[in-house]
Amino acid sequence: MSFQKILDQAAINSLKTNVGQHPYSAIFASAVVVLLAWRLVRFTIVPVFRPNEPKEYPYWIPGVGHLKSFIDNSQGLFTSGRLYFGNTREPFTITLTNLQFYVVTKPEDVSEVYRNTTTLSFDIFAQEILDYFGCSKSSIQSMYERTDPHKTIHPNPDGKSLARLSRDFHIHQLFPGSGNLLDEVGALFINYFDKALTADGLAERDRHVMFVSEDSVKVSLLGWLYDMVADSILDLYFGDLLRKIKPDFAKVFLEFDEHSWQALFRYPRFLGKKMFAPMDQVVDAIEKYFEAPQEDRRDTVWYTPALEKEMRNVNVGNRDIAIMMMTIYWGANTNTARGAFWMLTYLLYDKELLERVRAETAPAFKGETTDLDHIWNNSPLLRGVWDETLRITAFSSSVRFVAEDIMIGGKLLRKNRRIMMPYRQMHLNEAVFGEKTSEFDAERFVRDPKLRRYNMAFGGGSSQCPGRHFSGQAAMVFVAMVLHRFDLSLDPADQKFPEAEESKPVLGLISVKKNSSLELKLKRRNLGKRLLGGIERASPIPLHSDQHFHTMGLSRNVLTAPHALFALLLLQPHLSISAPVSSANCCSVLTDKLPDRTFISASAAYSSSISSYWAEQETELRPACVIVASTSNDVATAVRTLTALNNGKNQSCPFAVRSGGHGKSGFSNINGGVVLDLSALNTVSVSYDHKIASIGPGATWGDVYGILDPMNLTVPGGRHAGVGAGGLTLGGGLSYFNPLVGFTCDNVVNAEVVLASGEIVNANENENDDLLLALRGGSNNFGVVTRIDMETLPLGQIWGGTQYYALETYTQQLQALYDFTADPEYDEYASSTMSFGANAAQAVALNNLVYAKATPELSPKLQPFTEIPSLFGTLRQTNLSDVTNELAAASPDGFRQATYTMTFKNSVEVFEAAFQLWNATVLETTTVRNISFAFSIEPLPLAVLSKSAPRGGNLLNLADSSEPLVIWLLSATWGDDGDDAKMFALCKKLWEDTEAAAKQLDAYHPHKYIGYAAKEQDVFSAYGAENVAFMREVSKKYDPQQIFQRAVPGGFKLLDVQG
């Protein structure tokens, strides 16, 4: 008998003896044995046979799982589970009663979950909540089933469900640039807070006001904030009528909100009375509101009546409308009040930070108005405090239902289970957010604004909260107004930093433990003229007084040189300056002219602008100052002043114009000069008839598609979400829609332009039509474009993604691309860009494929590419935002960049030559750190080239081509400046060798696409002598002093063209 069998037999004999002598002990012992055996099988043996599935975090009690740990401290549970599995951030499983949740925390895996909107569903959770709250099944079905596009009241060409349409309505109402509707919401907040932050307004909050004296008020901060935010949002969605129906509506709603976490666990009514009792009162009041005549309910935002009409259109009754609107109001309140509370708390415990934010936002409060744009777009430190507050206090999770088996993070997730993505676990990831992620760092997002894409406080993907801009705007406006009007102090002064309430699950930002809120004293600041209710505002300064001069740093008797220069410009705006002016003096003059928009190197706004360029070389240039323009008038003032300072050939104040910042070194930044940063001119709005989209040049194409996708619209813009609208459009513009409507610039019907004189003009077919044509490919040679009006296209779901192949398939790839480009029956909805890329470890071929039309199957025109055996791919049905974000993720910021380009005829022979030359060069790059060395071939079929003339033409000189062309792009990125000389030399030589091969094969074409060209490449000569002469004529007409030729060195200049 083996030793193991002897032990087993001894254990059995012992158990028999114990059973006979102690029956209760025997039952207990048997239970322990069964439990240990169950645990051994479930958590040790089963995972061995299921290595491809997420491992399950062990627990002791079947049927309960991790429920108690989750309720007591969900973040502690997630952290212990992650660390239990070695902190690999692979998906793992937790169990809550009989439900299993896959916990996903790695950014790449989270992105994949958000992208997959078919296999991984959010809607089921929303439907469960509505059912739990008492909404009828028929109304839920009406809200979530697809609709007949012809039967909805508002445009709905894709037949989206009303739930999806509701999200689109919210986006239309609450996104920046959506027909200025968000600005209307912001104005309503300002008006509300303007009244609430007076002595009278504060006294009305008697529940949370502890005393009122002549010049100060003491409040319980969290309760006071909850009250005000809930009331202000009540005004937005329901106007004044609902408050008349139920005066204590906000108070009762907050009682519901405090216990609403119970809905996560479907508490039955008898256990969830603290949640259901106030919820019933809230729903009853909203139901009475919707029973009232329409004419009594007109003082609301657009969203409420728009959604009501659609719900009534499918016979949803008042009670169910009330329940649905209650959940929407619930969502709108979730983060705003807590976000403002934590923002003020972090400021109160860091006095230096508080004063910096107060100084930054002070320019928003001039005269009798509040400048919302300054607070929202030109207060980077305040925005950084908001972003960091979201990151560090977001304790909730996003959930999805797994409809079909799917691989995520290399693990197989089984259908009918759930995915949970805990935000805090993602936000503590040091690989993403840097060091000390558990600490509050107000400048984390100021240093790197692109971290916002990983801030998941409002969810992500198609279910990302559409109210995130609205919530941020409300919280930032409130904090700025409080800091402006009051001096703040803790009372008593020795209060400890509030403790977060981690013992309850939360739907949004974490709250504070009971009795842990701060008691705050608000003392009125001495600001001059009295306001309503006793609060004071600065008195306007008469222009003729000595005080006016002193506010600008001037005196009637003593004027320093730059200030005297500015005074002369102020009095004689058309005066020419002949004496040389230093860069520092330029910035001093600009500061006087645009005090709220001009920033020097010590400021957060300067750092934010400089750090946000795509190419690392651009971030190394140091301008003397940055002008962050937020309106066309800002741009006009800046350009008018710079023109006066740059008189004739004396370019004392050279400047660069930056829109998206995606250019190469020296294109949109400048050493020692002035940067005119247009990134805040980023609004996107759509005309009432949906035919025209108006786009700020600082908007990225990701911003544009984020607005247009929910409206089932698009414009023929860039393919990379991070590229700016201004630069791409003025250079011609390559897009997925080129075969359908021509180049991006061909679809511009109007451009608002600031000329060198400071005059703001429009260029369209009816006025300044020569300027419009010059802008179609003429880049930055004529003025500063401050708005682009483009014709829209209808667009719903599309096919898009990238397929990756072994490099050995290159001959099949090249033949497929040739056939695709040469096809006489070219499908205008199809697009393909072929690339070959290598890093130090491997080389691959890849095809970026898009079919810009919703079809059950991928177009046969693109199937030759998918029929080539691939390593893997991302091709799927999705929206344009998703496709362009994927391309942006493959080309991140923060690396050194070099690009060269050329154009040649569609020829397999020249494709082969280009490949062989690149492949031979790859070997010379393998020792370069963080190297990515690629070339791409982008088709220009006749379908593209023939579309320009009918739309008014452009200057690219391609329309007369009788055969298809392709654009060759060489793109190199690397990590160290020590490799600059080597990489630029390699890139230049490969360009020269490939161009020589194209000429030898009689396939060369002189066109060089301006968006890809290196500075040393001659772009404009290929436009043809006639077009160059035309551009020079237009330049002299609209810029007689040639400011944009001589004082703006970035980009490609007409002065550099020979002949």
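The values are calculated or read from the model by the stated rules, or taken from the named source; none is laboratory data. Small disclaimer: the values here were computed from a predicted structure and weren't measured. Ideal geometry is used to build each Cβ from the backbone, glycine not excepted, and the neighbour counts take in all protein chains shown.
Observations, loosely collected:
- Selected residue (criterion: surrounded by the fewest Cβ atoms within 10 Å (Cβ to Cβ)) from residues of the range 386-411 that are touching a helix residue (DSSP H, G or I) at 6+ places or on another chain (Cβ under 6 Å) and among the β-branched types (Val, Ile, Thr): Val399
- Just one of the numbered conditions (1) assigned to a helix (DSSP H, G or I); (2) farther than 21 Å from Asp257 by Cα; (3) at pLDDT 90 or above is not true of Ala322: (2).
- Of all residues in the range 655-678, those satisfying the criterion of being in contact with a Pro (Cβ under 9 Å, 6 or more places away or on another chain) and not β-branched (Val, Ile, Thr) are Phe655, Ala656, Ser659, Gly660, Gly666, Asn669, Asn671, Gly672, Gly673, Leu678.
- Just one of the listed residues (Leu965, Leu986, Leu956) is out of contact with any Leu (no Cβ under 6 Å at 6 or more places or on another chain), within 30 Å of Arg776 (Cα to Cα), touching a residue at least 40 places away in the same chain (Cβ under 8 Å) and surrounded by 14 or more Cβ atoms within 10 Å (Cβ to Cβ), and it is Leu956.
- Taking the numbered list (1) surrounded by fewer than 22 Cβ atoms within 10 Å (Cβ to Cβ); (2) under 16 Å from Phe933 (Cα atoms) in turn, Ala845 passes all entries but (1).
- Any hit, the range 244-265, residues being modelled with pLDDT under 70 and not in a strand (DSSP E or B): yes
- Search result, residues across the range 971-982 that are modelled with pLDDT of 95 or more and among the aliphatic types (A, V, I, L, M): Ala972
- Of all residues in the range 103-114, those that are at pLDDT 85 or above have Cβ atoms under 7 Å from Cβ atoms of residues that are assigned to a helix (DSSP H, G or I) and polar (S, T, N, Q), 6 or more apart or on another chain, in Thr105/Gln425.
- Tally of residues being at pLDDT 90 or above, part of a helix (DSSP H, G or I) and either over 30 Å from Ala475 (Cβ atoms) or within 26 Å of the chain's Cα centre (by Cα) (or both) across the range 297-319: 5
- Cβ-Cβ contacts under 9 Å between residues 6 or more apart (or on different chains), taken from a first residue in the range 901-930 that is over 24 Å from Pro941 (Cα atoms) to a second residue that is among the aliphatic types (A, V, I, L, M) and assigned to a loop (DSSP other than H, G, I, E, B), are listed as Thr925/Ala840; Thr925/Ile931; Thr926/Ala840; Thr926/Ala841; Thr927/Ala840; Val928/Ala840; Arg929/Ala840; Asn930/Ala840.
- For the range 720-743, the set of residues classified as within 24 Å of Val1019 (Cα to Cα) and under 16 Å from the mean Cα position of the chain (by Cα) consists of His720, Gly722, Val723, Gly724, Ala725, listed by residue number.
- Here Asp819 meets each of (1) of a type outside the set (S, T, N, Q); (2) touching a helix residue (DSSP H, G or I) at 6+ places or on another chain (Cβ under 7 Å); (3) over 19 Å from Leu942 (Cα atoms); (4) surrounded by fewer than 16 Cβ atoms within 10 Å (Cβ to Cβ) with one exception, condition (3).
- Verdict on Asn52 being of a type in the set (S, T, N, Q), surrounded by fewer than 21 Cβ atoms within 10 Å (Cβ to Cβ), free of Cβ contacts under 8 Å to residues at least 60 places away in the same chain and part of a loop (DSSP other than H, G, I, E, B): no
- Within the range 656-745, strands (runs of 3 or more DSSP E) holding 2 or more residues that are touching a residue at least 12 places away in the same chain (Cβ under 8 Å) and surrounded by fewer than 24 Cβ atoms within 10 Å (Cβ to Cβ): 684-686, 692-695
- Qualifying residue in the range 756-772 (condition: crowded, with 24+ Cβ neighbours inside 10 Å and at positive phi): no
- Residue within the range 86-102 that is out of contact with any helix residue (DSSP H, G or I) (no Cβ under 8 Å at 6 or more places or on another chain), part of a helix (DSSP H, G or I) and acidic (Asp, Glu) present: no
- Single residue of the range 474-498 satisfying the filter (surrounded by fewer than 16 Cβ atoms within 10 Å (Cβ to Cβ) and of a type in the set (Asp, Glu)) that is farthest from Lys366 (Cα to Cα): Asp494
- All of (1) buried (at least 21 other Cβ atoms within 10 Å of the Cβ); (2) out of contact with any Pro (no Cβ under 7 Å at 6 or more places or on another chain) hold for Thr926 with one exception: (1).
- Of all residues making up the range 1011-1059, the number that are of a type in the set (Gly, Ala, Ser) and in contact with a Phe, Trp or Tyr (Cβ under 8 Å, 6 or more places away or on another chain): 6
- Hey, Ala277 small (Gly, Ala, Ser), crowded, with 17+ Cβ neighbours inside 10 Å, part of a helix (DSSP H, G or I) and assigned by TED's automatic domain parsing to the domain that holds Ile245 or not: no
- Among the residues of the range 633-662, those identified as more than 21 Å from Ser601 (Cβ to Cβ), at pLDDT below 95 and among the small types (Gly, Ala, Ser) are Ala644, Gly648, Ser659, Gly660.
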